[in-house]
Amino acid sequence: MIGCTKPAALEHVLRTLNVNDHLRGIQPYDEDARLIALFATLVDAYARESLLADALAEAFPDARGADLLDLVGVRDALTANGPLDPLVPLVPAGDDVSPAVLRDIAVRAITALVFPEIPPEAPKRTNARTVRDTGRFWPFVRGTLQEPAWSQTKAKTAEARTRLWSAAIAQLFLHRGNILSALGFFGVPETAKGAGQDPRSLKVLLLGAEAGDATAWAALVQRMAPALIHAPQAFITAGQGSEAGDGRKGVRRTPKSALAALTLAYTATSAPNISRALLLAFAKAVLEHPDATQPPEAEDGEPLVCYGERHWVEGRTPITAGMVIAPDTEGRPTHYVADKSWFDETFPVELGRPAPGSPGSTTTSPTAGTSTDPTATTVHGAPPADPHDQLATLRRELPARVELVEGGYQQAVDSAHTLMTDFEEAHRVRVQLGEDALPAEQRIEWMEKLTKVRAAAQASVTTLEQVEALILQV
């Protein structure tokens, strides 16, 4: 700007005027751009109060170096004004840095800033009225977004916050879908108390889902949600059909219904065409598709067509970069491109409604269904699992479980080495300054804790030796 001594101040004033266009008729400003500018103002509010680094460090407890963040670069990365490279210090140690990992880090960071966690409620000791502690971050979000008090958080506030989140996330993708496709992802509990994100990385979640962990798959679906919306062939749309009748406008489906069906498909027994291999292949392809620069190709060289257009002769959609090949039940690529029709047919609306006797709706004893009687049935009346299927499932899941244990042990070894380095540095500095040693009580307390840790490590070594012997018998 010619003649402007403080361009940053002018930029802030112009953005503020445009965001609050309901107060002044400055110039036309569409909804997406207004929300993006409002999110930039929110990030600036965190940075202005020196809370941006603290909020990210709290959201990424396994980061390799949250204290090494370039906050200016982080601000540009989260507001789509620069590359995602400044987010590398938030990647867990030992994980590879890739565009998919950095984009996942950016999504988690935006979610943590828009839906900050608040401290747990303290138990009441008297009948006196108390004010809920909303932590350090929530008041700045409320003030920036001009929301009511914490106790007045309603569905309207949750919808406005979700729209802001969706607009901020859309900037990370080349193909931007409708920001209303995320409505319902976050409700009043997430808006008032925080999103409650799973701290595990993409690598650990994929291994966990491969090892049979349903919670890992549920968290992975949440990470996949933005990519399902902002894809060349969107899998989640802003709403379709009509509750008045399926024949008139199609089956009614909200974005939350599509996400629930994909989540429950992992444990559903009423969907024989869905397998763990299909789900994992689809998840890996969805997470990586925004980085594709070339259109997908079939392994045998035959032309690909969209699944919903497989019976068409003319007017087919051209295959472009970023499209996902639909996997089969074995996880192998087919000759079709996954689109909305494939998603709705593979994960129908009925799949998002758990059955009355499903594991997610009732709580059973851990020993239920483990009788040695071959004619026994489970508590729900279904026949027991076939031992052959059980053995095949275990053999398929055990490699991922071994890799998870390997990663956990490596992290423990690195933590022990870091602890030793810190104590050596503390000893060196104490000798250099001539300071007195710590009180004996504190040193004894630390030694007792480390003794328990060392005993647990030695016991785990014995367990691993037993596992090594059992591997020869599997």
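The values are calculated or read from the model by the stated rules, or taken from the named source; none is laboratory data. All of these numbers come straight from a predicted model, not from anything done at the bench. Positions of Cβ are generated from backbone atoms using ideal geometry, with glycine treated the same way; all protein chains shown enter the neighbour counts. Accessible surface areas use protein heavy atoms only, side chains included; no ligands, DNA or RNA. Shrake-Rupley method; radii C 1.70, N 1.55, O 1.52, S 1.80 Å.
Results, tabulated for the structure shown:
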| quantity | calculated |
| --- | --- |
| Which numbered condition Thr134 fails, given (1) over 24 Å from the mean Cα position of the chain (by Cα); (2) surrounded by 15 or more Cβ atoms within 10 Å (Cβ to Cβ); (3) assigned to a loop (DSSP other than H, G, I, E, B) | (1) |
| Check on Ala192, touching a helix residue (DSSP H, G or I) at 6+ places or on another chain (Cβ under 6 Å), small (Gly, Ala, Ser), closer than 22 Å to Ala112 by Cβ and modelled with pLDDT of 90 or more | no |
| Residue match in the range 273-289 (condition: touching a Leu at 6+ places or on another chain (Cβ under 7 Å), assigned to a loop (DSSP other than H, G, I, E, B) and open to solvent by less than 50 Å² (accessible area, probe 1.4 Å)) | no |
| Helices (runs of 4 or more DSSP H) fully within the range 16-84 counting 3 or more residues that are at pLDDT 90 or above and within 20 Å of Val101 (Cβ to Cβ) | 52-59, 71-78 |
| Within the range 84-124, considering residues that are acidic (Asp, Glu) and open to solvent by 60 Å² or more (accessible area, probe 1.4 Å), the one nearest to the chain's Cα centre (by Cα) | Glu117 |
| Residue in the range 107-124 that is more than 28 Å from Thr157 (Cβ to Cβ), outside any helix (DSSP H, G or I), at pLDDT below 90 and acidic (Asp, Glu) present | no |
| Filtered residues of the range 61-83 (kept if open to solvent by 20 Å² or more (accessible area, probe 1.4 Å) and within 17 Å of the chain's Cα centre (by Cα)) | Pro61, Asp62, Ala63 |
| Matching option when the condition is open to solvent by 100 Å² or more (accessible area, probe 1.4 Å), of a type in the set (A, V, I, L, M), more than 30 Å from Arg395 (Cβ to Cβ) and without any contact (Cβ under 8 Å) to a residue 60 or more places away in the chain, among Leu419, Leu450, Leu433 | Leu433 |
| Check on Leu259, farther than 24 Å from Gly239 by Cβ, in a helix (DSSP H, G or I), open to solvent by less than 30 Å² (accessible area, probe 1.4 Å) and modelled with pLDDT of 85 or more | no |
| Considering residues of the range 31-60 that are touching a residue at least 40 places away in the same chain (Cβ under 8 Å) and in contact with a strand residue (DSSP E or B) (Cβ under 9 Å, 6 or more places away or on another chain) only, the residue surrounded by the most Cβ atoms within 10 Å (Cβ to Cβ) | Leu56 |
| All positions within the range 180-223 that are charged (D, E, K, R) and over 14 Å from Ala400 (Cα atoms) | Glu190, Lys193, Asp198, Arg200, Arg223 |
| Close pairs (7 angstrom Cβ cut-off, 6 or more residues apart or separate chains): closer than 17 Å to Arg395 by Cα in the range 206-217, aliphatic (A, V, I, L, M) and open to solvent by 40 Å² or more (accessible area, probe 1.4 Å) anywhere | Leu207/Leu404; Gly208/Leu404; Ala211/Leu404 |
| Index of the failed condition, Leu90 passing every other in (1) out of contact with any strand residue (DSSP E or B) (no Cβ under 6 Å at 6 or more places or on another chain); (2) under 19 Å from Phe39 (Cβ atoms) | (1) |
| Cβ-Cβ under 7 Å pairs, at least 6 apart or on other chains, the range 286-312 side without any contact (Cβ under 8 Å) to a residue 60 or more places away in the chain and farther than 27 Å from Ala100 by Cα, far side surrounded by fewer than 18 Cβ atoms within 10 Å (Cβ to Cβ) and not polar (S, T, N, Q) | Glu302/His335; Glu309/Arg316 |
| Which listed residue is open to solvent by less than 20 Å² (accessible area, probe 1.4 Å), touching a Ser or Thr at 6+ places or on another chain (Cβ under 6 Å) and assigned to a helix (DSSP H, G or I), from Ala192, Ala167, Ala225, Ala216 | Ala192 |
| Those residues of the range 210-222 which are in contact with a helix residue (DSSP H, G or I) (Cβ under 6 Å, 6 or more places away or on another chain) and closer than 12 Å to Leu262 by Cβ, in sequence order | Trp217, Ala218, Leu220, Val221 |
| Near pairs, Cβ below 8 angstrom, 6+ apart or cross-chain, from the range 107-132 (without any contact (Cβ under 8 Å) to a residue 40 or more places away in the chain) to any residue that is surrounded by 10 or more Cβ atoms within 10 Å (Cβ to Cβ) and among the hydrophobic types (A, V, I, L, M, F, W, C) | Arg132/Ile118; Arg132/Trp150 |
| Asp344 out of contact with any Asp or Glu (no Cβ under 6 Å at 6 or more places or on another chain), open to solvent by less than 30 Å² (accessible area, probe 1.4 Å) and under 27 Å from Ser257 (Cβ atoms) | no |
